[in-house]
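Engineer: Shown below is the structure under consideration.
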């Protein structure tokens, strides 16, 4: 089974390229996109169309409801599922998306968790009834680990508390004693190299297309059904529309803000991709397809 990854900033053409390559090498696609994983978030995520999803089998798309929690741990499980499907059906695998942190986690791996008994789970569940108190206790015993965990982050607080209760040591100490092991090795990573001025133009066009495709209706429907509480409701494209619906900004300013904030995200993605991966192959979109297919043919 051939495995490869295609990364790049938002609006760089990753999804289209992945589908082309998948059709050429008979592959499934695993999405590493923090919004495409959710059902009903189609316009904001610039999710592949139904026709594209039908043309190539995708994993990691339309998996959860917007009020469900997604994390790198769950992504690891998803990878194991798609890898088994590829082996069973004789398919290759393309990992593609803008949330490159998930890909880095696959390459670096995650630390194993301690044995968590039902008694520990029950004890932790009882304590979690007062989430802020749990956050305070954990911060007192492990300030290093908790400095980036919000008092409202129920998922990470629960995970930290489970580790502490089950192992008897702080999360920081546990992860030192149990370093991560790579889950995937020998993976070719291809990065779409795009000029920032060109990217800004693409982002502006995509923002306009999103608006024409029903951006306002989608965000209104999400808010009506799920409220503003889920983490995904803080995403670029949703926050700006909510500001417009609150009469804080004009339509023009809303669209401008979506473009600006998307551009800022793209810059962060470019920096991450260039600094966090070894032996990465970076080329413009116009030549990358040929390079990938040549590399696949030689393996």
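The values are calculated or read from the model by the stated rules, or taken from the named source; none is laboratory data. It should be emphasised that the depicted structure is a prediction, and the values quoted were computed from it without experimental measurement. With ideal geometry, Cβ positions are generated from the backbone for all residues, glycine too; neighbour counts draw on all protein chains shown.
Engineer: Search the range 168-197 for residues that are on the phi > 0 side of the Ramachandran plot and not assigned by TED's automatic domain parsing to the domain that holds residue 282 and pair each with any residue that is assigned to a loop (DSSP other than H, G, I, E, B) and buried (at least 16 other Cβ atoms within 10 Å of the Cβ) when their beta-carbon atoms are under 8 Å apart and the residues are at least 6 apart or on different chains.
Structural biologist: Nothing qualifies.
Engineer: Could you tell me whether residue 90 is on the phi > 0 side of the Ramachandran plot, in the same structural domain as residue 191 (by TED's automatic domain parsing) and in contact with a strand residue (DSSP E or B) (Cβ under 6 Å, 6 or more places away or on another chain)?
Structural biologist: no
Engineer: Against the conditions (1) modelled with pLDDT under 95; (2) closer than 25 Å to residue 150 by Cβ; (3) in a loop (DSSP other than H, G, I, E, B); (4) in contact with a helix residue (DSSP H, G or I) (Cβ under 9 Å, 6 or more places away or on another chain), where does residue 184 fall short? Just the number, please.
Structural biologist: Unmet condition: (2).
Engineer: From the list 148, 152, pick out the single residue that is exposed (fewer than 13 other Cβ atoms within 10 Å of the Cβ), under 30 Å from residue 241 (Cα atoms), touching a helix residue (DSSP H, G or I) at 6+ places or on another chain (Cβ under 8 Å) and free of Cβ contacts under 8 Å to residues at least 60 places away in the same chain.
Structural biologist: After applying the criteria, what remains is 152.
Engineer: While we're looking at this one, here's another question. Report yes if residue 37 is at pLDDT 95 or above and either buried (at least 21 other Cβ atoms within 10 Å of the Cβ) or not assigned by TED's automatic domain parsing to the domain that holds residue 275 (or both), otherwise no.
Structural biologist: Working: at pLDDT 95 or above: yes; either buried (at least 21 other Cβ atoms within 10 Å of the Cβ) or not assigned by TED's automatic domain parsing to the domain that holds residue 275 (or both): yes.
Judged against the criteria, residue 37 is a match.
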